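Worksheet: the structure to be examined is printed underneath.
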Amino acid sequence: MDATIEVRGLRKTYGSVVAVDELSFTVAPGQVTGFVGPNGAGKSTTMRMVLGLDAPDAGTALVGGRPYRDIPVPLTALGALLDAGAVHPGRRARDHLLWLAHYNGLPARRVDEVLELVGLATVARRRAGGFSLGMRQRLGIAAALLGDPPVLMFDEPVNGLDPEGIVWIRGLLRRLAGEGRAILVSSHLMGELEGTADHLVVIGRGRLIADTTVRELLAAASGDRVVLRTSDRSGAMSVLANAGATVAATDRDRVTVSGLPSEQVVALLTQQGLPFSEVAAHRASLEEAYMELTRDTVEFSGAGQEGER
Amino acid sequence: MTGRDGFTQVLRGELTKLVTVRSTVWCVLATIGLTVLLTTLATSVGSTNANEGPRFVDEFHFVHQPLTGDGTVTAHVVSQERSQEWAKAGIMIKAGAANGAPYAAIMVTPDHGVRLQSTFDTDISGNGGTVPRWLRLTRTGASVAGFESTDGNSWRQVGTVNVGALPASAEAGLFVSSPPKIETVKTNGGNETRGSATQGAAVFDNVSGTSLTPGRWTDDTVRPPGGDPLANEGRSAEEAGRFTVVGSGDVAGYGIASWQPPGNDDIVANSLGGVQVGLMAVVALGVLFGTSEFKTGTIRTTFAASPRRTRVLVAKALVLGGSVFLAGLFASVIAFLIGQRNMRRHGYEPPAYPYVSLTDGPALRAIIGSALFLAVLAVFSLGIGTIRRRTVGAIVVVLALVVVPQILAPVMSLNAEVWINRLTPVAGLAIQRTTERFDDAIAPWAGLAVLAAYAAVAFGFALWQLRKRDA
């Protein structure tokens, strides 16, 4: 079985609201695919349709080449963390994993293994109701890993984790991908995926915006801009503008130049005897690149909760 | 990693879910505790004096002659008025015409066939037929044999009874009785039993027997000292060997089917009365077992682990129903034993109340039936919980259907009460009944079937909805 998730032409509406619209992408094995979009973009809806929980209005979602509902022992094919809060508060952590293991005929020793793996072994006999959000995330990840599946899907796994937890989960995701598994991780913050994701699927308002590698996305967002620091800002700006560049003042002593390579900028300034202390090729952050992409598609401006369905 | 996801795995997973949450375990324990506790309390009060009341009734009209030593009496019952299902017309050999004197009699009844009865405690069934019928009694010492025939030629022996205290010179002849009609009506705050006398009549011919002399008949209306307002005076008339006998009352006692004992409490049902309180914990359990999945969101984890939703809900119902059945069976057995012991201490003893053991058919049916009632009610609650998805709302709906009718019914008219006990889920409690009462609304298994129908509809709708909706 191929370790993949294939989404083809997926569409889902709730009343008159189109949650997911003609969405297609593939999650390939051996890498971490970031699934990014603003709140309400349709990430969770897509994941629920992959799991067969919600029925799509159109399109298909296949896991390892077949619909989730047709997979014989589902937990051994796809592990998913959808909602860390979806645990009965009165049930002990170990018991939560135990019923899940029984459901797919998995041995009880596997429960202890995954508890150890996510660092919850010492609180295994505590009731989940007393868990912090971070501990619940770890419990949810343990549940996803229970069947040792080749495909994993995590919805906002970083939420609620402390810095140590964030470092841990990044390491875990890299390691799981390194083992050849296909990993889909959603986030509404692109920065969370920096250094973790190899591939990005960006959506906004249910539609695909970008399906690209991280490297390509950064290159496209960075453009050929040069950042210049100078004590004679107006002099530098007029010289460079006369040479055909587009110049913008970004700070008291800082200018962004586009249309001229950095070597030529240095040559021009030296020739005119203008002082400068720094000339650097601009490198966009993943967050900037993402803002650029989704500028028009932000569903809820301001501080929106993760209120998507 | 290899696993399995058959139905057995889902069952095991659901069982693990049930036993690993304190609230559900508490509900199971509360079911047992409430049932046993309430039965214990209810049977610790209340008593009966049924055994201090009369132990037999001896009221009828007797047309007789002396019969000395061994001998035979034969008569043909031509017709019998259908005054009561237990009206009796036949021949009798009795120590004397005094109330309570030992006797042996063979008779026809409108609804219960031919009977050979003696000494207020022995009752042998003959054929199921009615009039016209030939009857015969043959006395040999203390033993009296009863025969019946349809044509007067070929005779069938119904049985032989022993009447120890029958003197050498006894009285033999024709008798007719017809028990009073007892009606119970609802009054404000209780029931009132009213009786009225009925009058039976039968026609005999071909009356013959050892040493019987035509024209020497004596008429006696047998009555207790002081008489009985529920039995009229009898009479007889003879015309050319054809006798018309009119009589009122009954000849019966403990051991005879027509006997109306002074106490009619259902000691089996009473000892299982705690179930009516224990069921509240079952409703809470059934509802919670469904709604908690939606409230906590684990329903998605469940369906991710087993996308076959029908299988999941069926497994849930089986695990829930099975657990409640076992808890209910345990509670019912304990409640029954405690209840029987308590009631014996308060006068519920033979002969008015024969001892009932766990393994007696009706008691066993009531005990196992109580456990079934709770199990089916749990599945009904699960169905409503799955449909409503909100704990409080679902509990209110189920309790409104199960408890409110029980509170309202006693203050309504008898007719309304009967229909409530027939059409609401409470009908299932009929399975606990082991005696017949005037206000019986529905037969035991039919009552349980009413509840099962409620459960089936709720469960079916829940299933349909669960398959259709997004999780």
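The values are calculated or read from the model by the stated rules, or taken from the named source; none is laboratory data. Since the model is a prediction, treat every value here as computed from it, not as a measurement. Cβ placement follows ideal geometry from the backbone for every residue including glycine, while neighbour counts extend to all protein chains displayed. Accessible surface is based on the protein model in full, side chains and every heavy atom, while ligands, DNA and RNA are left aside. Shrake-Rupley method; radii C 1.70, N 1.55, O 1.52, S 1.80 Å.
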The condition from (1) modelled with pLDDT of 95 or more; (2) within 22 Å of the chain's Cα centre (by Cα); (3) not charged (D, E, K, R) that B:His346 misses is numbered (1)
Taking B:Thr122, is it among the β-branched types (Val, Ile, Thr), under 17 Å from B:Ser248 (Cα atoms) and within 24 Å of the chain's Cα centre (by Cα)? no
Within region B:10-20, the residues that are open to solvent by less than 30 Å² (accessible area, probe 1.4 Å), touching a residue at least 12 places away in the same chain (Cβ under 8 Å) and farther than 11 Å from A:Leu100 by Cβ are B:Val10, B:Glu14, B:Leu18
Filter region B:148-166 for residues that are closer than 18 Å to B:Ser125 by Cβ and of a type in the set (D, E, K, R); the one that is least open to solvent (accessible area, probe 1.4 Å) is B:Glu148
All-but-one check, B:Gly3 against (1) in contact with a Phe, Trp or Tyr (Cβ under 8 Å, 6 or more places away or on another chain); (2) surrounded by 22 or more Cβ atoms within 10 Å (Cβ to Cβ); (3) without any contact (Cβ under 8 Å) to a residue 24 or more places away in the chain, failing number (1)
Expected single match for within 28 Å of B:Arg311 (Cα to Cα), within 14 Å of chain B (Cβ to nearest Cβ), part of a helix (DSSP H, G or I) and of a type in the set (Gly, Ala, Ser) among A:Gly140, A:Gly147, A:Gly129 is A:Gly140
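Table: residues versus (1) within 14 Å of chain A (Cβ to nearest Cβ); (2) in a loop (DSSP other than H, G, I, E, B); (3) more than 23 Å from B:Ala378 (Cβ to Cβ).
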residue	(1), (2), (3)
B:Val246	no, no, yes
B:Gly255	no, yes, yes
B:Ser258	no, yes, yes
B:Asn270	no, no, yes
B:Ala281	no, no, no
B:Ser292	yes, no, no
B:Ser323	no, no, no
B:Leu326	no, no, no
B:Ile334	no, no, no
When region B:426-471 is checked residue by residue, the ones that are in a loop (DSSP other than H, G, I, E, B), within 14 Å of chain A (Cβ to nearest Cβ) and touching a residue at least 40 places away in the same chain (Cβ under 8 Å) are B:Ala471
Across (1) of a type in the set (S, T, N, Q); (2) under 21 Å from the mean Cα position of the chain (by Cα); (3) under 23 Å from B:Phe289 (Cα atoms), A:Asn104 clears everything bar (2)
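To keep it simple, each residue is scored yes or no on (1) under 30 Å from B:Gly273 (Cα atoms); (2) outside any loop (DSSP other than H, G, I, E, B).
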residue: B:Ser47; (1), (2): yes, no
residue: B:Thr74; (1), (2): no, yes
residue: B:Ser79; (1), (2): no, yes
residue: B:Asn99; (1), (2): no, no
residue: B:Asp123; (1), (2): no, yes
residue: B:Gly128; (1), (2): no, no
residue: B:Arg136; (1), (2): no, yes
residue: B:Gly146; (1), (2): no, yes
The residue that is farthest from the other protein chains (Cβ to nearest Cβ), considering only those in region A:86-102 that are more than 19 Å from A:Leu152 (Cβ to Cβ) and in a loop (DSSP other than H, G, I, E, B), is A:Pro89
The lone condition A:Ser16 fails out of (1) within 11 Å of chain B (Cβ to nearest Cβ); (2) out of contact with any His (no Cβ under 8 Å at 6 or more places or on another chain) is (1)
Taking region A:54-78 and keeping only residues that are buried (at least 19 other Cβ atoms within 10 Å of the Cβ) and in a helix (DSSP H, G or I), one is left with A:Tyr68, A:Pro74, A:Leu75, A:Thr76
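Mind checking which residues of region A:39-53 are outside any helix (DSSP H, G or I), facing another protein chain (nearest Cβ under 9 Å) and open to solvent by 10 Å² or more (accessible area, probe 1.4 Å)?
Result: A:Gly52, single match.
Looking at region A:220-244, which of its residues are under 30 Å from A:Ile209 (Cβ atoms) and either of a type in the set (S, T, N, Q) or open to solvent by less than 70 Å² (accessible area, probe 1.4 Å) (or both)?
Residues satisfying the conditions are A:Ala221, A:Ser222, A:Gly223, A:Val226, A:Val227.
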Next on the checklist: Kindly evaluate B:Leu34 against the criterion of being surrounded by fewer than 17 Cβ atoms within 10 Å (Cβ to Cβ) and either more than 14 Å from chain A (Cβ to nearest Cβ) or not hydrophobic (A, V, I, L, M, F, W, C) (or both).
Outcome noted: no
| message | Whether any residue in region B:46-67 is in contact with a Ser or Thr (Cβ under 8 Å, 6 or more places away or on another chain), surrounded by fewer than 17 Cβ atoms within 10 Å (Cβ to Cβ) and within 14 Å of another protein chain (Cβ to nearest Cβ) is what I want to check. | response | no
Just one listed residue, out of B:Ala400, B:Ala352, is open to solvent by less than 70 Å² (accessible area, probe 1.4 Å) and either at positive phi or in a helix (DSSP H, G or I) (or both), and it is B:Ala400
Among residues of region B:355-376 being of a type outside the set (Phe, Trp, Tyr) and farther than 21 Å from B:Ala449 by Cβ, the residue surrounded by the most Cβ atoms within 10 Å (Cβ to Cβ) is B:Val356
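Tell me whether region A:103-120 contains one or more residues that are within 12 Å of chain B (Cβ to nearest Cβ) and β-branched (Val, Ile, Thr).
Yes - at least one qualifying residue is present in region A:103-120.
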Within region A:248-288, residues under 12 Å from A:Val227 (Cβ atoms), part of a loop (DSSP other than H, G, I, E, B) and open to solvent by less than 80 Å² (accessible area, probe 1.4 Å) come out as A:Asp253, A:Phe276, A:His282, A:Ala284
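Would you say B:Ser258 is within 29 Å of the chain's Cα centre (by Cα), under 18 Å from B:Ala104 (Cα atoms) and either surrounded by 15 or more Cβ atoms within 10 Å (Cβ to Cβ) or modelled with pLDDT under 95 (or both)?
Here the answer is yes, as B:Ser258 does meet what is asked.
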Screening B:Arg300, B:Arg345, B:Arg309 for residues that are open to solvent by 10 Å² or more (accessible area, probe 1.4 Å) and either acidic (Asp, Glu) or closer than 30 Å to B:Arg55 by Cβ (or both) leaves only B:Arg345
Reported set for region A:205-246 where residues are of a type in the set (D, E, K, R) and part of a loop (DSSP other than H, G, I, E, B) is A:Arg205, A:Asp224, A:Arg225, A:Asp232
